[in-house]
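J.: Have a look at this one.
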Amino acid sequence: MKNILMNNIIFNPYRLDALLAEEEAEEAARLRREGLKNYLAGLGEELARLCGRKRCVFSSSGRASLKAGLSALGAGRGKTVALNNLTHHSLLKAVTGSGARPVPVEACLKNLNPDRRTIQKSAKNADIVLLAHMFASSSSPAAVKASCRERGVKILEDASQAIGLRHSGKPLGSFGDISVLSLSPYKPVSKRGIKAGALLFDDDAYSRTLVRLPHPPGLEIAAPMLRVKLKRLPLILEDLKRSNAAFRKRLAAIPQLRLPDTGMAAQEIPLFVEEGAAPALAAFLEKAGFSPERKYAPFHETLGLDADAFPVSSLYSATALHLPVYCKMTESEINYACTAIERFFKNRRP
């Protein structure tokens, strides 16, 4: 462990990028031969096929994709959008920026996603459901889709944390009227330092709006690495699953922690820490060289809604801590982090 810290190489989120540099260079040469327009068309077709869609349009970021998707689905003043209470703040900003009224949907304790019944209940009075698959997990998207169709409710599906995964035998990203992906840094398909996003859909009626999106800056630089990682995505996901499994095996034995049943390909592991200990544990891990990942601020807090109506989110806000999971993490790194957590609780005074 001491050698790992002294060499300052622990927990590197860009280790995979360095390993793929030669393949990236080969793809960059292919881009120059084919020309940017043809190359991006091919990359878009591969992304669409992965998510079970017909069309793909690139954007400057996941946030830009959300904004464009909501606009294409008719979000605006007088409209209501139901969305996960626990997710990235860009989703709430996209909704409020459209002029629509956001309605946060409570997470379930099992996997920190809204469950089917809660979404269906919220969709009764919503015009759009913004369904994000959090922590490489989801909650019955096929049933949600069927319920929304019955009511004429549109779905904007955010599969940014679930790219390459499936549910009910179908790819996540195939259930919404429009689906979005973030292809920005830290995501499984990304290029260090460059933001990008994508919108995926089947109905050509959306093309008239979405094809007019401005050309994403930096996409020419990012595209070769995006394509390399897209080809390697099954291996990337398997690598993340191995790390998740190794973390969970060690962490499950620590009685002061509770692990939600989030997806095994997640790039962060949310932990519920015994009451009052989360801030001290986070500070301890920072000193040990293992920074906890950001956690999400529940939207009900931002909107000033009653905490009693969001008990799971309130518990998460008070006690949760995220551990990051990177591709190509080593067994030594995982053991180092888990040993540090064990040491914290061993030394903690009652």
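J.: For Glu26 and Asn335 in one chain, what is 0.36 nm times their gap in residues minus the Cα-Cα distance, to one decimal in nm? All intermediate terms of the calculation are to be shown ahead of the outcome.
T.: Numbers: separation 309, 0.36 × 309 = 111.24 nm, distance 3.57 nm.
Full extension of this stretch gives 107.7 nm more.
J.: Given the DSSP H assignment, sum -39500 (n - 2.57) over each helix run of at least 4 residues in the chain and divide by its residue total; what's the result at 222 nm in deg cm²/dmol, nearest 500?
T.: On the way: 15 runs with 156 residues, N = 350.
Rounded to the nearest 500, it is -13500 deg cm²/dmol.
J.: Rounded to whole Å and ordered largest first, report the semi-axes of the equivalent ellipsoid of region 39-193 derived from its Cα gyration tensor (root of 5λ). Can you show the working numbers first?
T.: Details: eigenvalues 104, 60, 45 Å².
After scaling each eigenvalue by five and taking roots: 23, 17, 15 Å.
J.: Continuing with the same structure: Based on the Cβ-Cβ distance from Glu275 to Ser168, what FRET efficiency comes out when R0 is 41 Å, to the nearest 0.05?
T.: On the way: r = 37 Å, r/R0 = 0.90.
E between Glu275 and Ser168, to the nearest 0.05, is 0.65.
J.: For region 172-294, I need the span (max minus min coordinate) of the C-alpha atoms along each principal axis, in Å, sorted largest to smallest.
T.: Over region 172-294, Cα extents along the principal axes are 54, 30, 29 Å.
J.: I'd like to know how region 28-78 sits against the 2.2 N^0.38 Å rule of thumb: what's its Cα Rg over that expected value? Don't jump to the answer; show the numbers that get you there.
T.: Details: Rg = 14.3 Å, N = 51, 2.2 N^0.38 = 9.8 Å.
The reported ratio for this selection is 1.46.
J.: With r defined as the distance between the Cβ atoms of Lys110 and Asn347 and R0 fixed at 25 Å, what FRET efficiency is calculated, to the nearest 0.05? Please list the in-between numbers first.
T.: Details: r = 32 Å, r/R0 = 1.27.
Result of the calculation: an efficiency of 0.20.
J.: Report, by chain and number, residues whose modeled amide H sits under 5 Å from the one on Gln161, excluding near sequence neighbours (fewer than 5 apart, same chain).
T.: Those qualifying (amide H under 5 Å, at least 5 residues apart or on another chain) are His133.
J.: Kindly give the semi-axes, whole Å and largest first, of the ellipsoid equivalent to region 16-124, taking each as the square root of 5 times a Cα gyration tensor eigenvalue. Before the final figure, lay out each step's value.
T.: Values: eigenvalues 250, 66, 34 Å².
They are 35, 18, 13 Å, listed from largest to smallest.
J.: At most 12 other Cβ atoms within 10 Å and a DSSP loop assignment: could you name the GluC sites (Glu not before Pro) in region 249-350 that fit? Could you put the intermediate results ahead of the total?
T.: On the way: sites: Glu268, Glu274, Glu275, Glu286, Glu293, Glu301, Glu331, Glu333, Glu342; in loops: Glu274, Glu275.
For GluC sites (Glu not before Pro) across region 249-350 that sit outside H, G, I, E and B with at most 12 neighbouring Cβ atoms in 10 Å, the list reads Glu275.
J.: Another question, if that's okay. Suppose the Debye formula is applied to equal point scatterers at every Cα of region 241-350; what is log10 I(q)/I(0) at q = 0.13, 0.19, 0.20, 0.22 Å⁻¹?
T.: Log10 of I(q)/I(0), two decimals: -0.50, -1.00, -1.09, -1.27.
J.: Where both partners of a DSSP beta bridge lie in the chain, what percent of those bridges are antiparallel, to the nearest 5?
T.: So the antiparallel bridges amount to about 55 percent of the total.
J.: Excluding residues on the same chain fewer than 8 positions from Lys121, give the lysines whose Cα lies under 27 Å from its Cα.
T.: Lys67, Lys79, Lys93, Lys110, Lys145, Lys154, Lys170, Lys295
Any read-out appearing in this document is the output of simple, stated calculations on the displayed coordinates, not a laboratory observation. Everything numeric in this text was worked out from a predicted model, so none of it was measured. Cβ coordinates were reconstructed from backbone atoms using ideal geometry, including for glycine residues, and neighbour counts include every protein chain displayed.
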